[in-house]
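Single-structure report; data block below.
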Amino acid sequence: MSSDDGHDAPPDAADGAAPAVLAPGASTAPAPAQVARRWPIVSGAVAVLLVLALGAIVVFRERLLPFGFDAEWMEEIVEHRNPFWEVPSLVMNSLGGGVIAVFVVPIVVIVALLVFRRPWAALYFTIAIIVSAAAVQILKSAIGRPRPEEILVVSDFGSFPSGHSANAATLAVTLGIIFVRVWIWVAGSVYTLLMMASRTYLGAHWLSDTIGGLLLGAGVAVLLWAPFAARLYDERTRPHRPVWMR
């Protein structure tokens, strides 16, 4: 269809409009991916607020005493302790804390993401891990909940929330968001639950500490996903050849 001055008129949507030219730096993510930030913000904020509410209840309980279900769970754990379960629990203790959790695992993940040309994913993962760990330490210091007397390992001050559980949940959720694979979500969920179980088995945390850690780690990961959602989508749709391949 031509205009009066002899030039072709731009096609309209009904005629099958040509793809719009994106401005430099604009996202190619579909509209739902760009505007659906509300649910990550709301759900992440709700999870973090639940942790704060649980922490407030702990603080206002007399002498920071454990909840009834905490005490009952710990009694069951102590009653059924067995050297067979102690070894895997100690392995989880090493994986979820200390040098391995703070340096080795994050560095391996970040380097792998960068090698396969996923800088936005690496940035998102790095910020989530740092914010989650910082939030754990702030809450531990502010609440100051004593650890169970039945503890089998040496741990730092503060029982609520569980840093190991928070770290596991943050790792699981961030990797699930970055790679969008069912098996990663399943493996991450199993890893997080095993970490929570090992923390109570070793007497390092009350059950409510691990629940708080789970909510905090997952909440931070989801909350921080919102500003990265479109960038991560764009990055995921591109080829991910190693940096040494052109």
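Before moving on, here are some points about what is shown:
- Taken across the stretch 175-184, residues that are part of a helix (DSSP H, G or I), more than 15 Å from ALA47 (Cα to Cα), open to solvent by less than 10 Å² (accessible area, probe 1.4 Å) and touching a helix residue (DSSP H, G or I) at 6+ places or on another chain (Cβ under 8 Å) do occur, with at least one present.
- As for the stretch 195-203, it holds no residue that is of a type outside the set (Ser, Thr, Tyr), under 25 Å from PRO119 (Cα atoms) and part of a helix (DSSP H, G or I).
- Flag if ALA187 is out of contact with any Asp or Glu (no Cβ under 6 Å at 6 or more places or on another chain) and either crowded, with 23+ Cβ neighbours inside 10 Å or not in a helix (DSSP H, G or I) (or both): no
- For VAL243, the test of being open to solvent by 20 Å² or more (accessible area, probe 1.4 Å) and modelled with pLDDT of 90 or more is failed.
- Of the residues making up the stretch 63-91, those that are open to solvent by less than 40 Å² (accessible area, probe 1.4 Å), in a helix (DSSP H, G or I) and not polar (S, T, N, Q) number 5.
- Restricting the stretch 139-150 to residues that are among the hydrophobic types (A, V, I, L, M, F, W, C) and more than 16 Å from PRO66 (Cβ to Cβ), the residue that is surrounded by the fewest Cβ atoms within 10 Å (Cβ to Cβ) is ALA142.
- Boolean, SER94 is part of a helix (DSSP H, G or I), open to solvent by 40 Å² or more (accessible area, probe 1.4 Å) and not acidic (Asp, Glu): yes
- Residue satisfying all of: in the stretch 192-223; under 14 Å from LYS140 (Cα atoms) and among the polar types (S, T, N, Q); surrounded by the most Cβ atoms within 10 Å (Cβ to Cβ) among these: THR210
- Scoring TRP225 on the criteria (1) part of a helix (DSSP H, G or I); (2) within 24 Å of ASN93 (Cβ to Cβ); (3) more than 9 Å from the chain's Cα centre (by Cα) leaves a single failure, condition (2).
- Filtered residues of the stretch 112-138 (kept if under 18 Å from VAL58 (Cα atoms) and either of a type in the set (Ser, Thr, Tyr) or buried (at least 24 other Cβ atoms within 10 Å of the Cβ) (or both)): VAL136
- Residue list for the stretch 41-62, filter: part of a helix (DSSP H, G or I) and either of a type in the set (D, E, K, R) or closer than 16 Å to SER141 by Cβ (or both): VAL51, LEU52, GLY55, ALA56, VAL58, VAL59, GLU62
- Qualifying residues in the stretch 151-170 (those that are in contact (Cβ under 8 Å) with a residue 24 or more places away in the chain and open to solvent by 10 Å² or more (accessible area, probe 1.4 Å)) - the one nearest to the chain's Cα centre (by Cα): ASN167
The values are calculated or read from the model by the stated rules, or taken from the named source; none is laboratory data. All of these numbers come straight from a predicted model, not from anything done at the bench. We place every Cβ from the backbone using ideal geometry, glycine too, and count neighbours over all the protein chains shown. The accessibility values were calculated without ligands, DNA or RNA, using every heavy atom of the protein model including side chains. Shrake-Rupley method; radii C 1.70, N 1.55, O 1.52, S 1.80 Å.
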